[in-house]
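Below: one structure, written as structure tokens.
Throughout, read-outs are computed from the coordinates displayed, never taken from laboratory work. Please read these numbers as outputs of a predicted model, since none were measured by experiment.
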Amino acid sequence: MLPLAIARLSLWLSPIIKLLPEKLAIKIYSSARTYFMQQLYKYKAPPVTINKYNIKILWGLAFRLPLMNSAGMFKNGEGYDLVANQGAGAYIGGTSTYNPREGNTRLGIHHPFISLAKSHISLNYLGLPNLGDIQLSKFTVNKQDGCPVGWSLMRSPDYTSGIAMEKLIESLWLYHDNPTIDFLEINESCPNLTSLKSDSIDNSLDTLENRLLYIGQNFLSKRKRHLPVILKLSNDLEQSLIPKILDVLFLTKFDGINLGNTSTNYAKVKLANLTQRKLFNYFVQNFGGGIGGNCLKKTSLNLCSIAVNYAKSNNPGYEFHVIRSGGVSSIEDIIESENAGISLNQWYTGYFENYIKHGDALYASIFNFYKEKNPY
């Protein structure tokens, strides 16, 4: 069965499924999502033509569109040909960890996930399932022009802080030595990080600043090729911390920052639909996990705008870019990002919502429309 047919059938059945007891509804939806993703990974999308938009050259890499998938969609390196044929501006695999992980199972539900389509949000408690960096760092693919390859990785929550950072450095070098990889993203925004334990001998790496300095000293300053490295932070980041974080990034020669990813601020989500509110409350009370979707849109733009303005006012002296993720779903979001000076955008929930509407033409539906309205 084609993945688009599965996605549309799931959307059509969704109101019925969500009338079931909350646990059963989440179990059905999580299983359906797993099956859908398996079919999506195997699907061979035909190439889609997209009118010239605005090719961006960032860090010497050509991005044919300022929009790409977020990490978490293709954890084990699946799907490059899919999104490249659909017209994506880049591809990113992961997020991965040094050690393989099965991901979360709770209440008999493997990889809990639910989408609340009417509210344009999703919830997940996947738990970083991946095959591990030793295997995944061997990733290779026939790249298309204008669709570079990135990889997202993070310190594993299965180690104490000191060991986790040592393993992260090992992973960074593994990807560094793979010429297929064009840029890296270090994920510090995942809710699973809360399970990290302090090292009983040395807890100096328990602060973000010290971890960034550690990465700068042990990897960034020693790179043997031009491999941009980006830091990814949560939608819940305090705006007042951005200048301090950027100062450390400039000092250590990070090449960019990605702001606005998943949130655990459950209180800010307001749902008018009673059924969806009950499902939301049940999920966060029993699983926790991260929120994605439209409720992140405003905050992601604000965070990125602050970062852009600070970078302009405090020139780091080298090429540095701000990337937006969280709530991106339309050409209006892309225009807002570009007006704010944001270089690239990532989508996850927005990708799937547009895929259901437009199929493989999801990128073309956004950028061809914009081209028609704004010829040049």
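Take the Cα radius of gyration of the stretch 104-170 and divide it by 2.2 N^0.38 Å, N being the number of residues; the result is 1.51.
Taking all C-alpha pairs of the chain, those more than 26 Å from each other amount to 49 percent. Mean separation of Cα pairs under 8 Å and 6 or more residues apart, divided by the residue count, gives the chain a relative contact order of 18 percent.
Remark: the stretch 1-157 is approximated by an ellipsoid whose semi-axes, taken from the C-alpha gyration tensor as √(5λ), come to 29, 21, 13 Å, largest first.
Whole angstrom only: what separates the Cα centroid of the stretch 220-236 from the Cα centroid of the stretch 119-142? Here the two parts' Cα centres lie 18 Å apart.
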